[in-house]
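I have placed the structure first, in the form of structure tokens, so that the comments after it can refer back to it.
The values are calculated or read from the model by the stated rules, or taken from the named source; none is laboratory data. Remember, it's a predicted structure, so these values are computed and weren't measured experimentally. Cβ atoms come from the backbone with ideal geometry, glycine included; neighbour counts cover every protein chain shown. Areas reflect the complete protein model, heavy atoms only, side chains present, ligands, DNA and RNA absent. Shrake-Rupley method; radii C 1.70, N 1.55, O 1.52, S 1.80 Å.
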Amino acid sequence: MMQALKSPRLGGLSALSCVLIILPFTLSNSFQLDVAIQVGIAAIVVVGLNLLVGFAGQISLGHAGFMGMGAYMSAILSGTYGWSPLLALIFAAICVGGLAFLIGGPILRLKGHYLSMATLGLGIIIAIVINTESWLTGGPDGLVVEPLSLFGWALSPFDEYHLLGISLSGTQVWYILIASLLVFAVWLALNIIDSPTGRALRAVHGSEIAAQVVGVNTAHYKVKVFVISAVFASVMGSLSAHYTGFITPNIAGFHHSIELITMVVLGGMASTYGVILGAVILVLLPQVLADLQEFEMLAFGLILMVTMIFMPKGLLPTLLNLLNKPKQKTTSEEAA
Amino acid sequence: MKTTKYTLALTLTLAATGVSLTPVQAAETLRIGAFVSATGPASFLGDPELKTLELYIKEINAQGGVLGQQVELVHYDDGGSAGKARTYVNRLIGADKVDMIIGGSTTGTTMAAVPLVEQAQVPFISMAGAIVITDPVKKWVFKTPQTDRMAATKVLQDMKARGMTKIGLISGTGGFGRSGHKHTLEVAKEMGIEIVADETYGPQDTDMTAQLTKIKSTPGVQAVFNFGFGQGPAIVTKNYAQLAIDLPLYQSHGVASDKYIELAGDAAEGVRLPASPLLVADTLPETDPQKPVVTAYKAKFEAAYNMPVSTFGAYAYDALMLAVDALERAGSTDKAKVRDALEQTQNYVGVTGVYNLSAQDHMGLDVSSFRLLEVSQGTWKLVE
Amino acid sequence: MSTPIIQVEGLSKVFGGVHAIENLSFSIQQGHIHSVIGPNGAGKTTLFNLITGIYTPTHGDIKLKGESIVGLDPSQLAPRGMCRTFQNLQICMNMTALENVMIGQHLQFKSSLLATLFRLPCVVQADQQAREKAAELMDFVGCAKYLNTEASAMPYGALKRLEIARALAAKPDILLLDEPAAGLNGAETAELDTLIQKVAQSGVTVVLVEHDMKLVMNISDYLLVLDYGKKLAEGTPEEIRHNPDVIAAYLGG
Amino acid sequence: MLAELLQYLFTGVTLGATYALVALGFTLIYNASHVINFAQGEFLMIGGMSTFFLLEAGLPLPIAILLSVLLAGALGIALQKFAIAPAKNADVVTLIIITIGASIFLRGLAQLVWDKEIHAVPAFSGDTPLVIGGATLLPQNLWVLGISVIVVLALVYFFTRTLTGKAILATSMNADAAKLVGIKTQFILMLAFALSAILGAVAGVVVAPITFTAYDIGIMLGLKGFVAAAIGGLGNGVGAIVGGLILGVTETLAAGYISSDYKDAVPFVIILLILFFLPNGLFGSRSTERV
């Protein structure tokens, strides 16, 4: 039992759930809850992105493009064409997954900086299309999005809901939804990582050639994880659109892609809980730095640089390493 | 072991941020919230807006504040991102508990805020152009600039008066240009003007000769209209001169600042555009009711910041002054009363124009508030 | 004599005008320990890379169990029973030792994405079995004490054997070892010697590129000598030892 | 018709020359340290902004340019010494994030030290357009082209004829071997960053009269430079120049003949197509994997 609690699956998931359950009671107003929801949305996207970047070692500088596609397809299908939001979300995820599958083959043959260049280009092309086809997307002025609804039951952040005799605001219901999804997403990610598929992905990162000679079809796995991470992004793009009720092409933009990859690297590549920490920090940092006013940009750049220089492995792995170091010493002494 | 470590790390982070995000509530001050695009692609708008707000709040406080209270400006920079704007509006409402919100340098950031202020029932004055902001009328949402449609109308009217019916259009692909593009097409159709060439340029583009060459070689073009802001229109103007295009060039109110003439230099000579009287403050007739307001704002801003005024800063000035006026007439900070007072604003003389608001019109300006200006000998001249 | 497990015919590989391998033909018999020797730059590793699909031949044919494998990539060769190790270690340093071996069992997993995502019992069970099998293999190659060590924390010699364990996990019929003794000390080399013989006894054909002549002569059934990409000689250790061409080449003739 | 095409080409080549200069900056740093420096665009910004403000302060143009270029060079060295060197064993992505952090930092610094306004640096020799075959060209376009050619020739000379240049090349090919033969690789790396920053600043100054300058112009120019460098094949000087020209000319031709809305997408479609067929760009080395 103790052993099980130490594993990232059971132990990590229960810790995460604890934090997520306690958190709303420590938040004093709707703004803080809103920020928590945004952290959650970003966290789920980067948990997916981390499978691609952290575990399989394939850089994507265009993931916001997939998120934007999901958001806009959901918004347009449910708003302009009257689809049910859930159906629109699923359809968008299938389309984004399909695109990632088609483009993944040729793109993922590229390595290192060429891959980042190609994914960057892909993201920018998607953003340009969204920005330009304003008859459909509303262009840079943005698009109003219908609230999420299921079987005629609409979930708007602005309404009151009664669940099991408890009265909840729409934002609180959204929090519960996103928090549950986060736990679910982490569970899925851990399942993938700790499976033959996950080992194959990590082997692609560790030594692609070694994986190939033992029969791992690395191209296939790279495409697979590219599709999975794109679908994560698409679904969260859709949900984020329904939650905020308004989207602009920024969601698909280059800067957003950079923000996502920064969350992964800052929090700790190949660490599922690390990238969640990355999402927490990158969403909260602008809020904290907002008080610095004209120094905000300077401080943000500096924090980013200093963290990455001194913790190149990312925050969480570095912290855990520090905590583990004394312990390791004792074990080696025991062994000796 | 690991469990506790994760929990510890996460809780610590959250606790740390929770502390810093809890606002310090000052007692007995009137809080005006603002969110502008002070950096990013729309900083051309947001920067002078923020400067204006800061300048005048200081002055208001020096003169004793509003309703006997000091005014506190709580402001955030959304960097032109609608997502960030939405979060900051949430913060202004939920955490900072402001009495009133001024903001939204762009249509995108404004529209992201609209559902929140409507829900929270906070009076909100936007500084962005698009019609959708106040049409249909939203109970708590007001705006100070004329619409892009009015700018397009003003320009096309002048073209028509000069007998031009076939024109070339070039516009930026940012929010401002796209919206202007859309409305120019609509107004042109209504007025029977044909757009024979239609080109665009990106907000960071550095050369528009290709687009202009295409317009130049389109047969029948009688004039060119550029809808955009930032450095783009100045580059268009310089390229226009370089290509020696011998047709009248019109710009939108997006470049209504001395900065434009400074950037475009001699190439700006003869360019026409619709703008508030701000740019011709000195030469306005003494009878013009706006003259004192306009000259005072220009003098104060330029003295404080040592940079030329722009129409955009004036939107913030008008928004702030309309807010103060409404607060004083409402006699309290009660949000519903302030909103009603705002809606009843009549004959309020601002820098942008004379505002007459109503339940059907939350902007309160008409096309005539735009003056048509022409660049002549390196300065603005009223075209009458 | 049965069909050779590997048959190479008229093989050539040209890199920018230089013949790394030139018109090479030979065959490898099932169950043998077959060594490829030759001075540095003789084309031994290039030959391995050609056989295992990492390079594509310029000319010629390679048959595995009678079927041509030219144009197949490495991941298609493992299912046909061929596996290899590398001269420059190719270990996944981002994983534990055990996980590295488990990678080798990749072909034996047949689970759908859905089963993986939701971690259905069949996945858990298969994983557990794989773990046990991998541990056995690590014990077999003598790495038992590194079971849960991060690969990045293991000594060089152990990593060399770990590569062999990983290759064995793929259940190959033929195993190609590229300089397994390079960088090892005498004791380690002796252990390796035993290990290779154990592997061969279990019915796996072993192909060896090696500089350590003592090791090679000791364990090989058959040798191929390369020089400048061409076949200099082949035969049993005894024949090679007395081959005048080989003596000339090695003694700087 | 022909005049139109000629006009597009003039514009495209000028634009392309700018991109090529930025791409050369990328190439220099990439060669020396295998880092893609996302802060490369900021050196252009610093060149332009600093020149403008030194002119404002009353310095003559040549001195203002010289000081700005030196400033950029110093910042380049600082970037290498304080941000890149301490993290030399970091992952590719980590290094990318560090340079992104540096670019945000420099932008933040610029808007603080200078301002957020757009500024026009006066053209070096007037604004009177030259007419050639019905197409027009500004004297400043010639400056851009001329200076690009001079810079390229100077680089060629530096790398083929001087010992220091050859040392940089040696370091880029094999840092360990270079160290063994007594090359001070840390110094070489700093030199590469300084050169690259100087290159960027020169580009920034010479295009400022055409494009104007502001604290945030570096983002887009930096991105385009990266695209140009990747088209040509990272680390290949000729590739960077060809890539820049391809990028500039296709952008203008796309604006002229296809759609100005999609002119920014066209280069990205092209680069995707190029990379699909040539995974190392047009001139990138087709390295075979050593195993």
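Among the listed residues D:V227, D:V269, which satisfies the condition of being facing another protein chain (nearest Cβ under 10 Å), within 12 Å of the chain's Cα centre (by Cα), among the β-branched types (V, I, T) and part of a helix (DSSP H, G or I)? Spell out the reasoning first.
Details: D:V269 fails: within 12 Å of the chain's Cα centre (by Cα).
Only one candidate qualifies: D:V227.
Which residues, taken from the stretch B:245-281, are in contact with a helix residue (DSSP H, G or I) (Cβ under 7 Å, 6 or more places away or on another chain), away from chain D (no Cβ under 14 Å) and open to solvent by 20 Å² or more (accessible area, probe 1.4 Å)?
B:R272
Would you say B:L116 is within 11 Å of chain A (Cβ to nearest Cβ), part of a helix (DSSP H, G or I), under 26 Å from B:P233 (Cα atoms) and open to solvent by 10 Å² or more (accessible area, probe 1.4 Å)?
Values: within 11 Å of chain A (Cβ to nearest Cβ): yes; part of a helix (DSSP H, G or I): yes; under 26 Å from B:P233 (Cα atoms): no; open to solvent by 10 Å² or more (accessible area, probe 1.4 Å): yes.
For B:L116, the condition - within 11 Å of chain A (Cβ to nearest Cβ), part of a helix (DSSP H, G or I), under 26 Å from B:P233 (Cα atoms) and open to solvent by 10 Å² or more (accessible area, probe 1.4 Å) - is not met.
Considering only the stretch A:133-155, state which residues are over 25 Å from A:I178 (Cβ atoms) and open to solvent by 70 Å² or more (accessible area, probe 1.4 Å).
A:W135
With respect to the numbered conditions (1) open to solvent by 20 Å² or more (accessible area, probe 1.4 Å); (2) β-branched (V, I, T); (3) within 20 Å of the chain's Cα centre (by Cα), which one is the sole condition not fulfilled by A:V46?
(1)
Considering only residues that are of a type in the set (G, A, S) and touching a residue at least 24 places away in the same chain (Cβ under 8 Å), look in the stretch B:53-88 and name the one that is surrounded by the fewest Cβ atoms within 10 Å (Cβ to Cβ). Lay out the reasoning, then the answer.
Quick first cut of the stretch B:53-88, residues of a type in the set (G, A, S) only: B:62, B:64-65, B:68, B:79-83, B:85.
Checking which are touching a residue at least 24 places away in the same chain (Cβ under 8 Å) leaves us with B:65, B:79-83, B:85.
Numbers: B:G65: 16, B:G79: 23, B:G80: 28, B:S81: 26, B:A82: 28, B:G83: 21, B:A85: 31.
Looking at the filtered set, the residue picked out is B:G65.
For the stretch D:20-43, name all the residues that are within 11 Å of another protein chain (Cβ to nearest Cβ), open to solvent by less than 10 Å² (accessible area, probe 1.4 Å) and assigned to a helix (DSSP H, G or I).
D:F26, D:G41, D:E42
With the stretch B:126-231 as the region, which helices (runs of 4 or more DSSP H) entirely inside it contain at least 2 residues that are acidic (D, E) and either within 13 Å of chain D (Cβ to nearest Cβ) or open to solvent by 40 Å² or more (accessible area, probe 1.4 Å) (or both)?
On the way: elements: B:148-161, B:175-191, B:209-216.
The helices (runs of 4 or more DSSP H) meeting that bar are B:175-191.
Go through the residues of the stretch B:334-348 one by one and say whether even a single one is surrounded by fewer than 16 Cβ atoms within 10 Å (Cβ to Cβ) and closer than 12 Å to B:Q146 by Cα. Spell out the reasoning first.
Quick first cut of the stretch B:334-348, residues surrounded by fewer than 16 Cβ atoms within 10 Å (Cβ to Cβ) only: B:334, B:336, B:340, B:344, B:346-347.
Then drop every residue that is not closer than 12 Å to B:Q146 by Cα, which leaves none.
No.
In this structure, does A:G11 turn out to be away from chain B (no Cβ under 11 Å) and at pLDDT below 95?
Values: away from chain B (no Cβ under 11 Å): no; at pLDDT below 95: yes.
Criteria not met by A:G11.
Starting from residues that are open to solvent by 20 Å² or more (accessible area, probe 1.4 Å) and in a strand (DSSP E or B), keep the ones in the stretch D:107-139 and report whichever is farthest from the other protein chains (Cβ to nearest Cβ).
That would be D:I132.
Mind counting the residues in the stretch B:218-270 that are under 20 Å from B:S43 (Cα atoms), in contact with an Asp or Glu (Cβ under 8 Å, 6 or more places away or on another chain) and aromatic (F, W, Y)?
The qualifying residues number 1.
Consider D:K184 against the criteria (1) open to solvent by less than 30 Å² (accessible area, probe 1.4 Å); (2) of a type outside the set (F, W, Y); (3) more than 23 Å from D:P129 (Cβ to Cβ): it satisfies all of them except one. Which criterion is unmet?
Among (1) open to solvent by less than 30 Å² (accessible area, probe 1.4 Å); (2) of a type outside the set (F, W, Y); (3) more than 23 Å from D:P129 (Cβ to Cβ), D:K184 violates only (1).
Just to check your reading of the model, which residue among D:G284, D:G244, D:G237 is among the small types (G, A, S) and buried (at least 23 other Cβ atoms within 10 Å of the Cβ)?
On the way: D:G284 fails: buried (at least 23 other Cβ atoms within 10 Å of the Cβ); D:G237 fails: buried (at least 23 other Cβ atoms within 10 Å of the Cβ).
Residue meeting the stated conditions: D:G244.
Of the conditions (1) away from chain A (no Cβ under 12 Å); (2) more than 18 Å from the chain's Cα centre (by Cα); (3) under 30 Å from C:G183 (Cβ atoms), C:H59 fails just one. Which one is it?
Against the list (1) away from chain A (no Cβ under 12 Å); (2) more than 18 Å from the chain's Cα centre (by Cα); (3) under 30 Å from C:G183 (Cβ atoms), C:H59 comes up short only on (3).
Can C:D212 be described as more than 20 Å from C:E163 (Cβ to Cβ) and either open to solvent by 20 Å² or more (accessible area, probe 1.4 Å) or over 13 Å from the mean Cα position of the chain (by Cα) (or both)?
Working: more than 20 Å from C:E163 (Cβ to Cβ): no; either open to solvent by 20 Å² or more (accessible area, probe 1.4 Å) or over 13 Å from the mean Cα position of the chain (by Cα) (or both): yes.
Here the answer is no, as C:D212 does not meet what is asked.
Could you list, in sequence order, all residues of the stretch D:243-261 that are free of Cβ contacts under 8 Å to residues at least 60 places away in the same chain and either at the interface with chain A (Cβ under 7 Å from one of its Cβ atoms) or within 22 Å of the chain's Cα centre (by Cα) (or both)?
Of everything in the stretch D:243-261, just one residue is free of Cβ contacts under 8 Å to residues at least 60 places away in the same chain and either at the interface with chain A (Cβ under 7 Å from one of its Cβ atoms) or within 22 Å of the chain's Cα centre (by Cα) (or both), namely D:D261.
Mind listing whichever residues of the stretch D:77-106 are open to solvent by 30 Å² or more (accessible area, probe 1.4 Å) and in a helix (DSSP H, G or I)?
If we filter the stretch D:77-106 for residues that are open to solvent by 30 Å² or more (accessible area, probe 1.4 Å), which is where we start, we get D:77-78, D:81-82, D:86, D:88-89, D:91-92, D:105.
Listed by number, the residues that qualify are D:I77, D:A78, D:K81, D:F82, D:P86, D:V92, D:F105.
Hey, can you tell me all the residues within the stretch A:259-269 that are within 14 Å of chain B (Cβ to nearest Cβ) and surrounded by 24 or more Cβ atoms within 10 Å (Cβ to Cβ)? I'd like the intermediate steps shown before the answer.
Initial filter on the stretch A:259-269 (within 14 Å of chain B (Cβ to nearest Cβ)): A:259-260, A:263, A:266-268.
A:L260, A:M263, A:L266, A:G267, A:G268 - these are the residues of the stretch A:259-269 that are within 14 Å of chain B (Cβ to nearest Cβ) and surrounded by 24 or more Cβ atoms within 10 Å (Cβ to Cβ).
Within 30 Å of B:A113 (Cβ to Cβ), touching a residue at least 60 places away in the same chain (Cβ under 8 Å), at the interface with chain D (Cβ under 10 Å from one of its Cβ atoms) and not basic (K, R) - does that describe any residue in the stretch A:240-252?
Looking only at the stretch A:240-252, we keep the residues that are within 30 Å of B:A113 (Cβ to Cβ), and these are A:240-252.
Imposing the further condition that a residue be touching a residue at least 60 places away in the same chain (Cβ under 8 Å) reduces the set to A:240-249, A:251-252.
Of the ones still in play, those that are also at the interface with chain D (Cβ under 10 Å from one of its Cβ atoms) are none.
Within the stretch A:240-252, not a single residue is within 30 Å of B:A113 (Cβ to Cβ), touching a residue at least 60 places away in the same chain (Cβ under 8 Å), at the interface with chain D (Cβ under 10 Å from one of its Cβ atoms) and not basic (K, R).
Looking only at the stretch C:169-176, decide whether some residue is away from chain A (no Cβ under 14 Å) and either modelled with pLDDT of 90 or more or within 23 Å of C:Q90 (Cβ to Cβ) (or both).
Quick first cut of the stretch C:169-176, residues away from chain A (no Cβ under 14 Å) only: none.
No: the stretch C:169-176 contains no residue that is away from chain A (no Cβ under 14 Å) and either modelled with pLDDT of 90 or more or within 23 Å of C:Q90 (Cβ to Cβ) (or both).
Name the residue, out of B:L372, B:L320, that is touching a Phe, Trp or Tyr at 6+ places or on another chain (Cβ under 7 Å), open to solvent by less than 50 Å² (accessible area, probe 1.4 Å) and either under 20 Å from B:G254 (Cβ atoms) or assigned to a helix (DSSP H, G or I) (or both). Let's see the steps before the verdict.
Values: B:L372 fails: touching a Phe, Trp or Tyr at 6+ places or on another chain (Cβ under 7 Å).
Just a single option satisfies the conditions, and that option is B:L320.
Taking the conditions exactly as written (within 9 Å of another protein chain (Cβ to nearest Cβ) and surrounded by fewer than 21 Cβ atoms within 10 Å (Cβ to Cβ)), does A:H162 satisfy them or not? Can you show your working first?
Values: within 9 Å of another protein chain (Cβ to nearest Cβ): no; surrounded by fewer than 21 Cβ atoms within 10 Å (Cβ to Cβ): yes.
No; evaluated as a whole, the condition is false for this residue.
A:S84 is checked against (1) modelled with pLDDT of 90 or more; (2) away from every other protein chain (no Cβ under 12 Å); (3) open to solvent by less than 40 Å² (accessible area, probe 1.4 Å); (4) touching a strand residue (DSSP E or B) at 6+ places or on another chain (Cβ under 8 Å) and fails just one. What number does that condition carry?
(3)
When you go through (1) closer than 30 Å to B:V324 by Cβ; (2) open to solvent by less than 50 Å² (accessible area, probe 1.4 Å); (3) touching a Lys or Arg at 6+ places or on another chain (Cβ under 7 Å) one by one for B:Q121, which number turns out not to apply?
Condition not satisfied by B:Q121: (2).
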